[in-house]
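The values are calculated or read from the model by the stated rules, or taken from the named source; none is laboratory data. Here the structure is a predicted model, which is why all the values come from computation and not from measurement. Reconstructed Cβ throughout: ideal geometry from the backbone, glycine too, with neighbour counts over all protein chains shown. Note: accessible area is taken over every heavy atom of the protein model, side chains too, but ligands, DNA and RNA are not part of it. Shrake-Rupley method; radii C 1.70, N 1.55, O 1.52, S 1.80 Å.
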Amino acid sequence: LYTTKEFLIRPGKSIREFLFENRDRHVKPIVFLIFTSIILSLISYFLNIEYSYFNVDKIQGLQGKVSTGDFGVWLNNNIGYANLIIGIFMALWIRIFVRNYNIYEIIVILCFILGEATLILSLAFVSGKVTNNGFIALGVMLVFFLYLMWAIGQFFGKKKLINYMKSLAVIILGYMSYLFVFILIGYFLNLLRN
């Protein structure tokens, strides 16, 4: 609960504290990401919510040309691992934009931020199901992406607008890289099957 509260209120300061000062106060980053993903999975299971989380098999223009098969289904059912993979792609882009941190520190940053964002996504699922209103769920989804942008930007310097623009670019490029790699994997798997 302490980690969740701190990363919701001041993610940049909390990440710097974890990396450079006191690691005992926070949950370990990968554990936090997997735990929040389990919460999301349980919410979607008990509320009977079906979702597709960047599964390339669901993209209409690619159906028949791309097939990730069981791997795509597994990633969709294990959102924590999908977030970790997306985080690795985002970490590579952060490393390109900001050279002050090594790749391991960046992955730690993203595990915490994506974990917190996963809790926001859980809230979107619950709010959409309870209110039966897609606009409320869509609004919370917007908060999900805004939180990602704000948290990454805050870590790199909350006073400069350019850091928030870089974080937006990192998010877009990270998700696009994830999709591109899995489209390629799906394309080659489809070629091997045929």
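Roll a 1.4 angstrom probe over the protein heavy atoms and tell me the percent of accessible area of segment 96-194 that is carbon or sulfur.
Answer for segment 96-194: carbon and sulfur cover 73 percent of the accessible area.
Restricting segment 1-30 to GluC sites (Glu not before Pro) that sit in a DSSP loop and have at most 14 other Cβ atoms within 10 Å of their own Cβ leaves 21.
Rolling a 1.4 Å probe over the protein heavy atoms gives segment 85-194 an accessible area of 52 Å² per residue.
Centre-to-centre, using Cα atoms only, segment 1-44 and segment 157-194 are separated by 23 Å. You can think of it this way: the chain between residue 30 and residue 9 has 5.6 nm of extra reach, that is 0.36 nm per residue less the Cα-Cα gap.
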